[in-house]
Each structure stands twice: as C-alpha cells, then as structure tokens.
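The values are calculated or read from the model by the stated rules, or taken from the named source; none is laboratory data. For clarity, every value in this text was computed on a predicted model and none was experimentally measured. For accessibility, only protein heavy atoms count, side chains too; no ligands or nucleic acids. Shrake-Rupley method; radii C 1.70, N 1.55, O 1.52, S 1.80 Å.
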Amino acid sequence: MLRFVLTAALVLSAAPAFANDSIAELGTGGLILSRSDAVAMQSEDLFISPEKVTVDYVFHNNTDRDVDAIVAFPMPDIEGDPEERPALPNDQSDNFLGFEVTIDGAPAKPRLEQKVLALGIDIGADLKAQNVPFYPFGDAAKAALAKLPQAVTDDWVNRGIIIEDNGGDGTETKKIYTPFWQLRSTYWWRSTFPANKDVHVSHRYKPSVGGTSSVSFFYDGKFQGQYATYKTRYCMDDTFENAVRKAAKDDPDGYSKYYEDRIAYILAAGSIGKFKLTVDKGNPKALVSFCGDSVKKVGPTTFEMTANDPEHDIDILLLVPSDRNGGNAN
C-alpha cells in the first residue's frame with residue numbers, strides 16, 4: 001500500500017502545549033446486511049471530514065426474487081468511564097453521532113437497539129427498574145443516579161455498575177456517582193431489495209474526532225513518543241515529517257505549532273466491490289496523512305482514491321495549525 005501525505009503552507013504562531021490531554025476517537029464503520037448471500041454491495045462512496053461522514057451505497061439483489069433483509073449500523077461501543085471519555089459529537093443523546101439514513105432518496109426511521117453491560121453482564125433490567133437512562137454520559141443519567149436508594153447505590157458500586165466520581169469531596173453527603181457501564185447501540189431497519197435491481201442507501205453522521213493539543217510524536221527536536229505507532233498507522237512519509245521538522249525549526253520556541261485531529265473508519269467485513277474514498281482536511285493549512293493507493297488531489301482541501309475490495313481500515317491524521325490561544329489559525 002502506497003503512502004500519501006499532503007503538506008501545506010505553514011503559518012505558525014502558537015505557544016507549546018504538551019500532549020497529556022489526549023482525547024480518544026471512536027472507530028466507526030458502515031452498514032451490515034443479514035442477507036449478504038443474496039444482496040451484494042456493488043459500490044461504496046465514502047466521504048470523511050472532521051465535520052461529517054457520508055456514505056453512499058449501491059446494493060444489488062442478484063436473485064430472481066425480492067429479498068427482505070435487516071440492515072444495521074453498529075454504533076461504536078462507549079464506556080462510561082469519566083477518566084477515559086471519548087470524543088462524542090453529541091454528549092447528551094442516545095444518537096451521539098447524529099446518525100441519519102435514506103433509502104432511494106427517502107428518509108428512513110431506523111430503530112435503536114441498546115444493551116448495557118457491566119463486567120460483561122447485561123444490566124439493562126437493573127437500570128430500567130430504577131428509571132436510569134442507558135446512555136452513560138448525559139445529564140439525565142447522572143441525575144437519576146443521584147436519586148438512587150442507598151442500598152441500590154452500594155449494590156451497584158460492588159457490581160462495577162457505577163463508581164464514585166472524583167469530582168466529589170469524599171464526604172457522605174457530597175458523594176457523586178457516575179456510570180461505569182458499557183453501552184452497545186445499533187440502529188437497524190427492515191428493507192426489501194427487489195429482484196435483480198439496485199437499491200441506493202445513504203447515511204451520514206458526525207465523526208468522533210480524537211486528538212491532542214500538540215504534536216505527540218515530535219518534541220525536543222526529534223521524533224519520539226507516539227512516532228513508531230503513528231508512522232505505521234498513518235503512513236507518515238519523509239515529506240510529512242520534513243514539514244513537521246520545518247515547523248519546529250521556524251518557531252522561536254522550537255515547537256511544531258499544531259494540534260492533532262484523528263479519525264478512524266472501520267470497513268465492513270466481506271466484499272465491497274467498487275470503493276471510492278474522499279478525504280476533506282477542512283483547513284487548507286492543515287497537514288493530513290493516511291494510507292492509500294494512487295491518491296489524487298481533487299480540490300483545495302480534498303483528496304480521492306479508488307479501490308476494489310479494500311482490505312484495510314482507514315485512519316486519518318490531521319495536524320491543524322493553532323494560534324496562541326489554542327484555537328484554529330485563520
């Protein structure tokens with residue numbers, strides 16, 4: 001697999017910030033079908049940017065009969081650990097990625113299936129009995145936990161369902177408890193695929209964009225820290241690395257004045273057929289690196305590649321210029 005990077009003009013003026021405040025991205029993928037033996041994914045047109053992910057599919061029924069199938073979109077699992085909180089576009093909603101879907105251009109209304117686990121044990125019935133929402137990060141869940149009878153609170157702590165939040169002062173009257181369970185969510189719907197015909201399915205959502213407030217793989221004048229992992233995962237090449245070096249050399253403080261954005265996309269198992277990827281880095285001054293074959297620049301911030309039956313998940317690294325206040329450079 002060839003390596004592809006884009007470097008841009010460097011306009012840098014930020015003060016150094018060390019990458020000890022990293023936030024994790026959640027790997028998210030595409031649709032899965034219950035009848036892949038009869039319905040083939042002819043093509044997948046994938047667009048990824050820090051603001052949105054859109055995926056357009058063409059499915060084809062290869063049989064002489066209509067096929068009824070379940071189509072599902074697995075949301076990434078999330079852990080209710082306050083110390084390891086992931087990047088969530090909407091942290092107050094079950095639909096924390098803002099998932100939407102259309103079938104042949106018409107909006108669909110998928111159902112949401114959720115399961116909550118603690119130590120691998122289904123605790124959905126426990127939460128329902130106490131009117132506690134399944135989604136762990138919303139204000140509603142914390143408010144419901146604050147109303148639990150003490151006996152239930154003690155039981156749930158012992159079972160690893162909740163933990164005492166470090167934000168409390170430790171006194172009996174001020175103790176605060178927070179979810180520690182795992183949430184698994186899947187949107188799904190029933191769909192009919194007419195005999196020997198194509199069906200166009202499109203969905204979109206906001207990606208989980210992880211990152212750090214500085215460059216985690218280059219500091220003190222050399223590549224270190226996450227460098228080995230990043231080089232393999234994002235296919236950083238000499239051009240990309242030289243841009244990072246130059247940014248540090250040109251800065252009076254000796255730091256590359258970027259923050260990291262990271263996006264992960266998990267390809268569905270099985271044959272995809274014709275695959276097209278478009279990556280939009282958003283900020284024209286950002287640097288972007290990802291693995292791919294024969295990537296072409298098609299716009300000021302956009303790049304495309306095509307493949308047949310791609311085998312590797314897609315990991316994208318963006319280095320975004322920052323100003324002295326830690327915001328985006330204009």
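Quick look at the numbers
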{"item": "Largest-first principal axis extents of the Cα set of the range 232-292 (Å)", "result": "51, 22, 15"}
{"item": "Rounded to whole Å, sorted largest first: equivalent-ellipsoid semi-axes of the range 31-135, Cα gyration tensor", "result": "31, 19, 12"}
{"item": "Estimated 222 nm signal from helices in the chain, with DSSP H stretches of n ≥ 4 weighted -39500 (n - 2.57), rounded to 500", "result": "-3500 deg cm²/dmol"}
{"item": "Amide H partners (placed H, <5 Å) of D313, local residues excluded", "result": "L267"}
{"item": "For the range 92-192, the spread of Cα positions along each principal axis, largest first, Å", "result": "58, 24, 19"}
{"item": "Solvent exposure of the range 215-315 as accessible area per residue, Å², 1.4 Å probe", "result": "48"}
{"item": "Per-selection metrics, the chain (Cα): Rg and Dmax in Å", "result": "22.7, 70"}
{"item": "Within a Gaussian network of the chain (alpha carbon springs, distance under 10 Å), most fluctuating of A106, A248, A118", "result": "A106"}
{"item": "Portion, in percent, of the accessible area of the range 245-313 that falls on carbon or sulfur, probe 1.4 Å", "result": "49"}
{"item": "Long pairs among K52/K276; K231/K257; K52/K222; K142/K175, criterion Cα-Cα beyond 23 Å", "result": "K52/K222"}
{"item": "Cα-Cα P(r), the range 218-260, percent of pairs per 10 Å interval", "result": "28, 60, 12, 0"}
